[in-house]
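Read through the structure below, which is laid out as structure tokens, and then see the notes.
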Amino acid sequence: MNDYVLAVVLGVIEGLTEFLPVSSTAHLRISEAVLGIDLTDAYWKTFSIVIQLGAILCLPIYFWSRLVKLVRWFPHGSRGDRTVANHPLTLTVIAFLTTAIPAFLLTRIIGKHLESLHVMAVSLIVGGIVMWAVDAIYDRSKGQAFARGWLTENMEEMSVGQAVWIGACQILSAVFPGTSRSMATITAGELAGMTRSAALEFSFFLSIPTMAAATLYDLAKSLRPRAGEPSAIGAMPHDAHSVIVLAIGFVVSFVVAYGVVGWFLGWVRRHGFTVFAVYRIIVGAAVLWWASRLP
């Protein structure tokens, strides 16, 4: 396949799957395996980091006005009932740190499982079943099953406990690729008594520091590899063709992800997550069957 076409295909896949609860990591790894891309190649490792960066950057741009208001209203919030400890920005940081510290300590496990199609397939299936069950219970009870008397309808009503719980659940997506960061945080939010839209909004905000840190960590590893390992950035070709391929992937990922964020927010206001849960189970089963037949 032509490199430019390949950049467009992978950029579209990253942009489509990064914020949907279907696991972008699993889809990229599966696509790379199907397309015959060498996962150990320094250039394509760098390409994966670059297109993820494109998806990340769409969030602060899409939510810019919302971010400005949150900063302006810090620490008391728009209704004057928040503090430094429970302002949405603080809760985002708390959830991020709850994820980041254990995930950093578990980097060896993460690296061990990152390339395993079997792990990704099982994670897709299990995550789909959990999401389906939680969303079905939420739907039948109109959100009251997990509300414990009070349904959190937006980020400005969240508690520190909810932020810690969501951050803790997000660790699963770091340790087991295929789980999906979005699936883990959205489902955790529903279980914590949040509405679908509130859980999704917090998932988007939490993904900004989480994905930025993960991408910067990957870049740092590429720039300063372990002894005896090549630097992905240093080994990357610097010719015009290679730079154009990276630029295409970055731009396509950004544009597609930007569109997906707006569409997904609208979808959740009218529908649940069942369709994504079913999709995860079908894809996971197909990958598990395919991986079992590989030599």
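We did not get these values from a lab; they are worked out from the coordinates using the rules stated. Every value quoted in this text rests on a predicted model; they were computed, and no experiment measured them. Because the Cβ atoms are built from the backbone with ideal geometry, glycine has one as well, and the counts that use them run over all protein chains shown.
Taking amide H atoms as placed 1.01 Å from N in the peptide plane, list the residues 5 or more away in sequence, or in a different chain, whose amide H sits under 5 Å from that of Thr152.
Correct list: Met194, Thr195.
Using 7 Å Cα-to-Cβ label points, what is the Ala285/Val93 separation (nm, one decimal)?
Here the modelled spin labels are 4.6 nm apart.
Roughly speaking, what is the stretch gain from Asp81 to Ile244, that is 0.36 nm per residue apart minus the C-alpha to C-alpha distance, in nm to one decimal?
Using 0.36 nm per residue and subtracting the Cα-Cα distance, I get 53.7 nm.
Run lengths n ≥ 4 of DSSP H only: what is the helix-derived mean residue ellipticity at 222 nm for the chain, with -39500 (n - 2.57) per run over all residues, to the nearest 500?
-24000 deg cm²/dmol
What share of all Cα pairs of the chain, in percent, falls into each consecutive 5 Å distance bin?
Percent of Cα pairs in each bin: 1, 6, 11, 16, 18, 17, 13, 9, 5, 3, 1, 0, 0.
To make sure I understand, if each residue's beta carbon is the centre and we count other beta carbons within 10 Å, what order do Thr152, Thr99 fall in, fewest to most?
Result, fewest neighbours first: Thr152, Thr99.
Where the centre of each part is set by its Cα atoms, how far does the range 43-90 sit from the range 119-181, in angstrom?
What the calculation gives is 20 Å, centre to centre.
On the principal axes of its Cα set, how long, how wide and how thick is the range 246-295? Give whole Å, largest value first.
So the three principal-axis extents are 40, 36, 5 Å.
Just rank Ser31, Ser48, Ser24, fewest to most, by other beta-carbon atoms within 10 angstrom.
The order, fewest Cβ neighbours first, is Ser31, Ser48, Ser24.
Going by C-beta contacts inside 10 Å, put Ile281, Ile30 in order with the fewest on the left. Walk me through the intermediate numbers first.
Values: Ile281 18, Ile30 22.
Lowest count first: Ile281, Ile30.
Say a paramagnetic label sat at a point 7 Å from the Cα of Ala33, along Cα to Cβ; which residues of the range 146-185 have their backbone N under 15 Å from it?
Only 177-179 fall inside the zone, counting backbone N under 15 Å.
Specify the longest stretch of the chain that does not include any exposed loop site, a site being one of the GluC sites (Glu not before Pro) with a non-H, G, I, E, B DSSP assignment and at most 15 other Cβ atoms within 10 Å.
Longest gap between qualifying sites, sites excluded: 154-295.
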